[in-house]
1. Which members of segment A:27-58 meet the condition of being farther than 19 Å from A:Ser86 by Cβ and not in a strand (DSSP E or B)?
2. Can you run down the residue pairs with Cβ atoms below 6 Å, 6 or more apart or on separate chains, where the first is in segment A:38-54 and free of Cβ contacts under 8 Å to residues at least 12 places away in the same chain and more than 9 Å from chain B (Cβ to nearest Cβ) and the partner is among the acidic types (Asp, Glu) and open to solvent by less than 20 Å² (accessible area, probe 1.4 Å)?
3. From the list B:Gln44, B:Gln83, B:Gln69, B:Gln57, which one is within 14 Å of chain A (Cβ to nearest Cβ) and polar (S, T, N, Q)?
4. Output the qualifying pairs, or none if there are none: Cβ atoms under 7 angstrom, residues six or more apart or on different chains, first residue in segment B:64-92 and open to solvent by 70 Å² or more (accessible area, probe 1.4 Å), second residue part of a strand (DSSP E or B) and among the polar types (S, T, N, Q).
5. For segment A:65-114, what are the residues that are within 12 Å of chain B (Cβ to nearest Cβ) and either among the aromatic types (Phe, Trp, Tyr) or over 27 Å from B:Arg50 (Cα atoms) (or both)?
6. Hey, A:Leu83 hits all of (1) open to solvent by less than 20 Å² (accessible area, probe 1.4 Å); (2) more than 11 Å from the chain's Cα centre (by Cα) but one; which does it fall short on?
7. Among the numbered conditions (1) closer than 25 Å to B:Arg43 by Cβ; (2) open to solvent by 10 Å² or more (accessible area, probe 1.4 Å); (3) within 11 Å of the chain's Cα centre (by Cα), tell me where A:Ala92 comes up short.
8. State the number of residues belonging to segment A:1-26 that are surrounded by 11 or more Cβ atoms within 10 Å (Cβ to Cβ), in a loop (DSSP other than H, G, I, E, B) and of a type in the set (S, T, N, Q).
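The values are calculated or read from the model by the stated rules, or taken from the named source; none is laboratory data. Just so it is clear, the model here is predicted, and its values are computed rather than measured. Glycine also receives a Cβ, built like all others from the backbone with ideal geometry; neighbour counts cover every protein chain displayed. The protein model used for the area step is the full one, side chains on, heavy atoms only, and it has no ligands, DNA or RNA in it. Shrake-Rupley method; radii C 1.70, N 1.55, O 1.52, S 1.80 Å.
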Amino acid sequence: KAGVTQTPRYLIKTRGQQVTLSCSPISGHRSVSWYQQTPGQGLQFLFEYFSETQRNKGNFPGRFSGRQFSNSRSEMNVSTLELGDSALYLCASSLSPSSYNEQFFGPGTRLTVL
Amino acid sequence: AQTVTQSQPEMSVQEAETVTLSCTYDTSESDYYLFWYKQPPSRQMILVIRQEAYKQQNATENRFSVNFQKAAKSFSLKISDSQLGDAAMYFCAYRSGSTQGGSEKLVFGKGTKLTVNP
């Protein structure tokens, strides 16, 4: 069974631009979560989607948004990029939002904002 | 809000030796899960071991075991017979057992970088 895939793997943007990152969960998984990883702040929760609905959102500005499609694939969008948005963005999928279910992580998208 | 603290930014161990990584957490909940994740350099994060708070018995997975002290809110990871492939960032994480309000996010500690010396 294929793992969680994220595209693109690397991305370079300039301040003020917007970016869209994609995450394809493991087949059969319907819950997708996004995390931002930076050296300074560590791993921080962005949002979680299940059945095309956002169930939970972390403490990030409105420039960060996401969505989930009917096939469970998810995208996150960051508008008006800032230098501080440079980070590794991780996606994790699980069967459902239940805390009992293991979250499987993708390889991440490394975003660099110049 | 729940918090997770890893007080050791870096640790090193000799190959074949044993090392213990520390983690403390703060919560007012009684139902929760604790995890140790491993993130090798430039590779995907993988789950090493998990512990349900309602279980008194410490979890074990091959060379990995935990010391779960619920009253002290401590959750340390012991790696026995360390191997070169164990070198990685290790993250301690907390997840609420509540199913209300979409609270199932993972709350991570800052991580401990483990170096294994040959």
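1. Answer for segment A:27-58, where residues must be farther than 19 Å from A:Ser86 by Cβ and not in a strand (DSSP E or B): A:Ser27, A:Gly28, A:His29, A:Arg30, A:Ser51, A:Glu52.
2. none
3. On the way: B:Gln83 fails: within 14 Å of chain A (Cβ to nearest Cβ); B:Gln69 fails: within 14 Å of chain A (Cβ to nearest Cβ); B:Gln57 fails: within 14 Å of chain A (Cβ to nearest Cβ).
Step by step, each of B:Gln44, B:Gln83, B:Gln69, B:Gln57 is checked, and only B:Gln44 is within 14 Å of chain A (Cβ to nearest Cβ) and polar (S, T, N, Q).
4. B:Lys78/B:Thr20; B:Lys78/B:Ser65; B:Lys78/B:Asn67
5. Residues satisfying the conditions are A:Tyr100, A:Phe104, A:Phe105, A:Arg110.
6. Every condition holds for A:Leu83 apart from (1).
7. Unmet for A:Ala92, out of (1) closer than 25 Å to B:Arg43 by Cβ; (2) open to solvent by 10 Å² or more (accessible area, probe 1.4 Å); (3) within 11 Å of the chain's Cα centre (by Cα): (2).
8. 2
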